[in-house]
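The values are calculated or read from the model by the stated rules, or taken from the named source; none is laboratory data. Just so we're clear, the structure is a prediction, and the values are computed from it rather than from any experiment. Positions of Cβ are generated from backbone atoms using ideal geometry, with glycine treated the same way; all protein chains shown enter the neighbour counts.
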Amino acid sequence: MTFTDLGLSPKVLSAVTDAGYTKPTPIQSGAIPHALLGKDVLGIAQTGTGKTASFVLPMLTRLEKGRARARMPRTLILEPTRELAAQVEENFVKYGKNHKLNIALLIGGVSFEEQDKKLERGADVLIATPGRLLDHRERGKLLLNGVEILVIDEADRMLDMGFIPDIERICEMIPFTRQTLFFSATMPPEITKLTEKFLHAPVRVEVSRAASTATSITQRLVKSGSKPWDKRETLRNLMRAEESDLKNAIIFCNRKVEVSELFRSLLKHDFDAGALHGDMDQRARMQMLANFRDGKLRYLVASDVAARGLDIPDVSHVFNYDVPIHAEDYVHRIGRTGRAGRSGKSFTIATRSDTKYVDAIEKLIGTKIEWHDGDLSTVAESEGEEAPRRGRGGGGGGGGAGGGGARPPGGGGDPPPPPPPPPPPPPPP
C-alpha cells in the first residue's frame, strides 16, 4: 500500500512525496481512510509510529473546503505539552505547504495578545494545551461551537498530567456532531471511560507497542545507593568514564523536581548541561533545544513528558537517572540513541527499590540487561545511607567545597564524614 491508495487529496500527496514518504505506517494506513470518511477513530499507538501524520493528513484533505471565521476555529487539536503542540504545528506547515490555512498555536510562554491576533484572523487549525485553551475561552476570546474535528492526542499522558477534567470540560463545549480522533499509547480504565463518553461508534485502530530495542544500542544497568547524592555521584562517575566516547547525551528523570535538582548539581560540578522542563517559557525551551542540537550543550536533562515527541538526531548516549515507571518509556528513552545505523549507549541507574521496574522492562524487551560493574547484591548497606560531604563553603552533596572546583581522586566521590565535633546538617541538594 502507498499513500496514493488512502484517498488523500493531490495537494496533500504532493507534500508527502516532497517530504520523501511513499509508504504509510500501520497506524496511518489504518486510521486515514476512516478519518477521511468522517468517522470517529480510536488510535492506540506509541510515539514514533507515524501517529501525528495519521490525523494531520486527513485533516488537511478535509479542510480544503470551507473557511474559518474570527474566534471560531474549524478544528481543534489538544496536546499535553508545549513541545508536542509545536511539533504538530510543524507537521501542518510541512504537509500543508500547498494549502492556504491559518494555524494558531495556543501554549504557555507566549503572550495572550499575540495569540489573540491569530484567533481574530480565524483559525482553520487550532493546536493547544488544555490549560491555555481554557484561559482563552474564559477571557471570551474563543468560541468552540464551530469545531468540526476534535483531536485528543497522547491521552494517557493527559491522564498522567492531571488534564482529564479539563479534557471533559472542553469536549462538552464542542458540538455533539463533531468528528473525534482520539490517540493514546495505552488504555487504562480512565481513558477507556473517556472514550465511551465522548466517542461515537469509533473505529479502533491498534498498533502493537514498541517492545524491542535497536541492536546498535549497548544497554547497561548501573548499581547505586538509594539516596539522591548517591545517584548523582554515580551519574557523574559514569559521565566522566564515558567522556572520551561521548558526543552528547540526554539524561532522563521521572519528575520535574529531579530535573531541576540534577541540572543544578551538574552545573555546580562543571558539566556543560541544560534542562528541559515545564516551567520554561517557549522561547527559552526552543533556544535550549537549538543549543543542544548545535553542540553548544553536551548534556540535556529532561523528563519523559518534556522530551516527548522531540526530534533530536545523533545522540551518542542516554543516561536514565531514574528507572522509568512505565516499561514502554524505557524503549522510547534509549531509542534517542543508536539511530540511522549509528552505535549508541544507554546506562540506567538502578537502586534496590527499582527492581520491579527493571523486571518489567526486561520482560517487555525480551532480554536481560547486563550490569555495568556488579549488580545490586554488591551495593554495601552503608552506600545508600551515607550523608553527603559537608563542604567548607556550603556546597552540596558528594562534590567537594564550593561550586564544583577541586575534587578528590575519582571525581568528587564518597568521602567519609568529618571528625567530631559533629558537622552541621547537610545542605539541600
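Listing for the model above:
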quantity	calculated
Pairs, first of a type outside the set (Lys, Arg) in region 155-172, second modelled with pLDDT under 95 and assigned to a loop (DSSP other than H, G, I, E, B), C-beta under 6 Å, six or more apart	Asp156/Ala185; Asp156/Thr186; Met158/Pro80; Met161/Pro80
From Ser244, Ser216, Ser260, Ser212, residue being touching a Ser or Thr at 6+ places or on another chain (Cβ under 6 Å) and modelled with pLDDT under 95	Ser216
Test result for Ala241, surrounded by 14 or more Cβ atoms within 10 Å (Cβ to Cβ), farther than 23 Å from Leu276 by Cβ and outside the structural domain of Val41 (by TED's automatic domain parsing)	yes
Meets criteria (free of Cβ contacts under 8 Å to residues at least 12 places away in the same chain and either assigned by TED's automatic domain parsing to the domain that holds Ala123 or not hydroxyl-bearing (Ser, Thr, Tyr) (or both)) for Gly20	yes
Residue satisfying all of: in region 317-364; among the β-branched types (Val, Ile, Thr) and touching a Ser or Thr at 6+ places or on another chain (Cβ under 7 Å); surrounded by the most Cβ atoms within 10 Å (Cβ to Cβ) among these	Ile334
Residue in region 227-249 that is touching an Asp or Glu at 6+ places or on another chain (Cβ under 6 Å), closer than 13 Å to Thr348 by Cβ and touching a residue at least 60 places away in the same chain (Cβ under 8 Å) present	no
Unmet requirement for Phe112, which otherwise passes all of (1) aromatic (Phe, Trp, Tyr); (2) closer than 24 Å to Lys197 by Cα; (3) touching a Lys or Arg at 6+ places or on another chain (Cβ under 9 Å)	(2)
Filtered residue count, region 35-61, keeping only those that are buried (at least 18 other Cβ atoms within 10 Å of the Cβ) and assigned to a helix (DSSP H, G or I)	12
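Conditions tested, residue by residue: (1) modelled with pLDDT under 95; (2) outside any helix (DSSP H, G or I).
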position: Leu84; (1), (2): yes, no
position: Glu90; (1), (2): yes, no
position: Asn98; (1), (2): no, yes
position: Ala104; (1), (2): no, yes
position: Lys117; (1), (2): yes, no
position: His136; (1), (2): no, no
position: Gly140; (1), (2): yes, yes
position: Leu150; (1), (2): no, yes
